[in-house]
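Here is the structure we will look at.
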Amino acid sequence: QVQVVESGGGLVQPGESLRLSCTVSGRTISVAFMGWYRQAPGRQRELVADSFSDGTATVTNTVKGRFTISRDNAKNAVYLQMNDLEPEDTAVYYCRGTWIEGDHWGQGTQVTVSS
C-alpha cells in the first residue's frame, strides 16, 4: 500500500521561507513522477512544481525564482523549498506521486502567508 505524507506547512510572514517534505512509503519514488500542487480557497488545484524520474525538474512561472523542487531517492522523499513567500502562496499544498499503476496523493499541508 502506497502512502504519501506531506509535512512542513505553517504560518509565516511575507518574505519568509518554508520547506515542505513529502515522504512516500510502499513504493520507490525513483521510478515515479512526483509533483507538488496547491489549492487556495475557491480555486482549482494547480501544479506548482514537478520532478521526473530522470532528474528533470520544473516549476511554474508563478513561483519561478522563489520555489525549488528536489528529490532524495535514498530517503524516498521530495521537497519543496519556498522562499520569499507571498500572501498569494497561501493554500493547501499536496504531493502527488505517479507510478505505472496510477496516482497517489497525500492529504495536504496548509501554508498560510500573512502579516
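Of all the listed residues (Thr23, Thr58, Thr98), the sole one being touching a strand residue (DSSP E or B) at 6+ places or on another chain (Cβ under 6 Å) and free of Cβ contacts under 8 Å to residues at least 12 places away in the same chain is Thr58.
Residue count for region 78-89 satisfying the condition of being open to solvent by 10 Å² or more (accessible area, probe 1.4 Å) and either closer than 13 Å to Gly26 by Cα or of a type outside the set (D, E, K, R) (or both): 4. Has region 20-32 got at least one residue that is surrounded by fewer than 13 Cβ atoms within 10 Å (Cβ to Cβ) and of a type in the set (D, E, K, R)? The answer is no, given that none of the residues of region 20-32 is surrounded by fewer than 13 Cβ atoms within 10 Å (Cβ to Cβ) and of a type in the set (D, E, K, R). Got a sec? Which of Val48, Val63, Val111, Val92 is in a loop (DSSP other than H, G, I, E, B) and open to solvent by less than 40 Å² (accessible area, probe 1.4 Å)? Selected residue: Val63, the only one of Val48, Val63, Val111, Val92 that is in a loop (DSSP other than H, G, I, E, B) and open to solvent by less than 40 Å² (accessible area, probe 1.4 Å). Can you confirm whether Asp72 is surrounded by 14 or more Cβ atoms within 10 Å (Cβ to Cβ) and of a type in the set (D, E, K, R)? So Asp72 fails the test. Right, Asp103: of a type in the set (D, E, K, R), open to solvent by 40 Å² or more (accessible area, probe 1.4 Å), at pLDDT 95 or above and assigned to a strand (DSSP E or B) or not? In short, yes. Within region 1-36, the set of residues being closer than 13 Å to Asp89 by Cβ and hydroxyl-bearing (Ser, Thr, Tyr) comprises just one member, Ser17. The requirement of being assigned to a strand (DSSP E or B), of a type in the set (A, V, I, L, M), more than 10 Å from the chain's Cα centre (by Cα) and closer than 12 Å to Thr28 by Cα is fulfilled somewhere in region 70-77, by at least one residue. Here Gln39 passes the criteria (1) open to solvent by 20 Å² or more (accessible area, probe 1.4 Å); (2) over 17 Å from Leu11 (Cα atoms) except the one numbered (2).
The values are calculated or read from the model by the stated rules, or taken from the named source; none is laboratory data. Since the model is a prediction, treat every value here as computed from it, not as a measurement. Note that each Cβ is placed from the backbone with ideal geometry, even for glycine, and that neighbours are counted across all protein chains shown. Ligands, DNA and RNA are stripped out before the accessible areas are found, and what is left, the full protein with its side chains, is counted by its heavy atoms. Shrake-Rupley method; radii C 1.70, N 1.55, O 1.52, S 1.80 Å.
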